[in-house]
1. What percent does the relative contact order of the chain come to when contacts are Cα pairs within less than 8 Å and at least six residues apart?
2. Tell me, what is the per residue accessible area of the chain in Å², probe radius 1.4 Å?
3. What is the helix-to-structure angle for 471-481, meaning the angle in degrees between its Cα long axis and the longest Cα principal axis of the chain, kept from 0 to 90 and rounded to the nearest 10?
4. I need the phi-derived Karplus couplings for the stretch 136-148: 6.51 cos²θ - 1.76 cosθ + 1.60, θ = phi - 60°, integer Hz, Gly and Pro marked x.
5. To the nearest 10 degrees, how steep is helix 76-85 against the longest Cα principal axis of the chain, on a 0 to 90 scale?
6. Between ASP199 and VAL268, what FRET efficiency follows from the Cβ-Cβ distance if R0 is 60 Å, with the result rounded to 0.05?
7. Could you point to the residue in VAL255, LEU502, PHE355 farthest towards the positive end of the chain's charge dipole, with +1 and -1 charges on the Cβ of Lys/Arg and Asp/Glu respectively?
8. Give the peptides 169-181, 66-78 in descending order of average Cβ contacts within 10 Å, highest first.
Amino acid sequence: MLTFLLLPAIVVSVLVLSGVMFRSSFQLEKLREQSVVEATLSLANERADRLDKRIIEQDNAVRSVLDLTERAEFGRQWLETAALSTPTVRAVLLVDLGSPLHNVVALASRAPELETERFRRLLVHRLLPEMKLDKPPLDELRHLHKVEREKAYLLSHWEQSVAERHYLVVVWHDVPRIVHDVFPTLYSDMQQSRVNVVDADGKIVFGPPLGRGGLTLGRQFETTLYKWTLNVTMNSAEELAAAVARRRVLEMVLVGLSSIVVIAGLFVILIAAERERRLSNLKSEFVANVSHELKTPLALVRMFGELLQTGRADTEEKRKQYLSIIVNESDRLNALIENVLDFAKVERGQAAYEFSPARLAEPVARAVEACRVRAERDGVSLELTSEDGPELMIDERAIEIAVINLVDNALKYAPDGKRVSVVMRHVPSGAEVLVADQGPGIPPEDRKRIFERFVRGKSASGKQVRGSGIGLSLVKHIAEAHGGSVRIEHTSPQGSLFTLRLPRR
Ligand code: ADP
């Protein structure tokens, strides 16, 4: 009962355990994914900041060499080292904020004249109005990122006062050059990730399309090209997603398999426990049966012995009869005890057979003779037909016990039958002993089972025939030890026919 309750409990625990395991592995993966998100984010931040830093460095380089006091000399010093120290700066312009028209009063440019002029006009008419000239602290560096006629502009600017005049210094950065020269140097060393830069409309300005899958994070350039966004895709995130999916499938298969193994194991244990329980019941029955089997002949021996002792057997004939009963019952007792002892040896794996060349007819005849008295008492004719033939390698005593068991069963279970016949014949493969009776036969469901130890069939329980359930298992063991077999050949309505086959060896 407890085992049957235990089974569902164990199954439920296995399911709960696998659920918990699955959930915690899921959470672990989530954590790992989170850490990849964090890593990607910090990478994107760091890369975006790098560009800002690179541009501001150049702004500061320009600033350090600009001298506003000598307007005629404006930017001359910068131009000397511009190509090296500030490669993305095209021009530096000085705007007079004191004049109402915000004239460009000085400039230094690395661009062709025409282009510089075009930029100057663009600055005055379109870009200056965009700049927040709301009296910020002097020298504060600011940036303007603007797209005009599909061209992107980046201006760094700060206000400065010289001799009580208010100026705006504008540094014109070459955006196409930033894209072609600076972006690749900043973003080419990234093996773990893919990078691109997109504009406000999502159009790619630099780098490849990042595609779907994997983890992509975007980060705007904070200070300089602030209309654009830097996108970073972690390759490892893609791999991680695939690995997580693979691992999940594997885990599910493992959990499923181990659950099946546990459940199957439990069933096997249950079946084994049930078998053990049945066997232990059979053993208890066996002990009771054997005790009973021993008690009956013993009681008869004692009873007739007492009759003789007290002189109540008054005639010689009676005395002889009593004595023969005592001898017969002692033989039965002896046979039974031998059976039990032999069986115990088989059970302990100590059954030892002594094979020697012998004629099979002899032990068979002895066995039949041992049963004859009983047959006569029961009024059954016991016939033996024996064939002469070559010697076989047999253990004579074991064969005798096997045949006694078969004949004893025939007499026991077929008391109403008139005849029990034993035939011993030689066949090409060896020899056969056939024991046939005219009893009730053996029902099909019993035919295999009755050769198992302690198992008693329907014919035993129906008619309350005494026995211990070890006879046929012993016969089977003996037959197999000789390399042969024992079978039920055909049964009811003609009775039972047991065949003991022994090979020629
Ligand atoms: P036991 O006779 O002590 O019960 P056995 O191992 O000799 O044990 O026999 C096992 C069972 O086989 C018997 O209980 C009986 O049901 C059945 N059996 C054996 N021989 C015969 C037979 N000749 N006729 C009918 N049933 C038989």
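1. On the way: 703 pairs, mean separation 49.1, N = 505.
Relative contact order for the chain comes out at 10 percent.
2. Value returned for the chain: 56 Å² of accessible area per residue.
3. For 471-481 against the chain, the angle is about 70 degrees.
4. Rounded to whole hertz, the list is x, x, 4, 6, 6, 7, 10, 9, 10, 10, 9, 10, 10.
5. 20
6. Values: r = 69 Å, r/R0 = 1.15.
Efficiency, from the Cβ-Cβ distance: 0.30.
7. Going by the Cα projections, it comes out as LEU502.
8. Details: 169-181: 19.4, 66-78: 15.1.
So the peptides 169-181, 66-78, ranked by packing, come out 169-181, 66-78.
The values are calculated or read from the model by the stated rules, or taken from the named source; none is laboratory data. Remember, predicted model here, so these are calculated numbers, not experimental data. Counting neighbours? That spans all protein chains shown, and the Cβs are built from the backbone with ideal geometry, glycine included. Ligands, DNA and RNA are excluded from the accessible area calculation, which covers all protein heavy atoms including side chains. Shrake-Rupley method; radii C 1.70, N 1.55, O 1.52, S 1.80 Å.
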